[in-house]
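> Take this structure first; my questions come after.
The values are calculated or read from the model by the stated rules, or taken from the named source; none is laboratory data. Note that the structure is a prediction, hence the values are computed from the model and not measured. Reconstructed Cβ throughout: ideal geometry from the backbone, glycine too, with neighbour counts over all protein chains shown.
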């Protein structure tokens, strides 16, 4: 499905990406931006991947327990169908979506929608994660957030997995992951 771009002079969309490690405040920032859009009486919709049901089935919830009503979707193409008439579309946990999310965001922005995407830029091995690197490449605005390393107190940019589970996608919280700086991450289990 292709959304027709608006004629010059009409409203224009753009893509904002909020990225960083776990516990850096990405979802908190997404919720803040979406609430500000709601205060401005803009029509908003927020989406999250169906795979992420850690806190709630129908809300996006931050680690600080701030919540905003959302729609859980199985596939990125569902977002295109559900965001047809919105001014601002929010997308949380972008790393869990398929690579079609990049095209979906581009089409929404071309159609005049402000798209705000939050997600991990790296997985637990420090490698680019899901569609987020491609979203960073096409984004109009990028916000990189950092957590605090739980071992040394410096800025943390990597989510360290404390378990031996090997799959790239393992949904979890502080019981499975912790934010680490580059040096503490490199030390691995030796800390």
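> Applying the selection to region 13-30, what residues are within 11 Å of the chain's Cα centre (by Cα) and not in a loop (DSSP other than H, G, I, E, B)?
Across region 13-30, the qualifying residues are 16, 17, 18, 19, 20, 26, 27, 28, 29, 30.
> Another question, then. Within the group 126, 119, which residue is in contact with a strand residue (DSSP E or B) (Cβ under 8 Å, 6 or more places away or on another chain), within 25 Å of residue 185 (Cβ to Cβ) and modelled with pLDDT under 95?
None of the others qualify; the one that does is 126.
> May I ask you to say which residue of 35, 54 is at pLDDT below 95, outside any loop (DSSP other than H, G, I, E, B) and either loosely packed, with under 15 Cβ neighbours inside 10 Å or touching a helix residue (DSSP H, G or I) at 6+ places or on another chain (Cβ under 6 Å) (or both)?
None of the others qualify; the one that does is 35.
> Out of everything in region 114-139 that is out of contact with any helix residue (DSSP H, G or I) (no Cβ under 8 Å at 6 or more places or on another chain) and not in a strand (DSSP E or B), what residue ends up being surrounded by the most Cβ atoms within 10 Å (Cβ to Cβ)?
Within region 114-139, the match that is surrounded by the most Cβ atoms within 10 Å (Cβ to Cβ) is 124.
> Then there's this: Would you mind stating whether residue 7 is part of a loop (DSSP other than H, G, I, E, B), modelled with pLDDT under 90 and buried (at least 16 other Cβ atoms within 10 Å of the Cβ)?
no
> Looking at region 141-160, can you tell me whether even one residue there is more than 15 Å from residue 24 (Cβ to Cβ), touching a helix residue (DSSP H, G or I) at 6+ places or on another chain (Cβ under 6 Å) and buried (at least 18 other Cβ atoms within 10 Å of the Cβ)?
Scanning region 141-160, I find no residue that is more than 15 Å from residue 24 (Cβ to Cβ), touching a helix residue (DSSP H, G or I) at 6+ places or on another chain (Cβ under 6 Å) and buried (at least 18 other Cβ atoms within 10 Å of the Cβ), so the answer is no.
> Would you please list the contacts, defined by Cβ atoms under 8 Å and residues six or more apart or on different chains, that run from a residue in region 19-36 that is within 18 Å of residue 87 (Cα to Cα) to a residue that is part of a loop (DSSP other than H, G, I, E, B)?
Going by the 8 Å Cβ cut-off, the qualifying pairs are 30/92; 31/62; 31/66.
> For residues in region 140-161 being in contact with a strand residue (DSSP E or B) (Cβ under 6 Å, 6 or more places away or on another chain) and part of a loop (DSSP other than H, G, I, E, B), which is nearest to residue 127 (Cα to Cα)?
Among residues in region 140-161 that are in contact with a strand residue (DSSP E or B) (Cβ under 6 Å, 6 or more places away or on another chain) and part of a loop (DSSP other than H, G, I, E, B), the one nearest to residue 127 (Cα to Cα) is 146.
> For residue 91, are the conditions met, namely being within 16 Å of the chain's Cα centre (by Cα), at pLDDT 95 or above and within 18 Å of residue 20 (Cβ to Cβ)?
For residue 91, the condition - within 16 Å of the chain's Cα centre (by Cα), at pLDDT 95 or above and within 18 Å of residue 20 (Cβ to Cβ) - is met.
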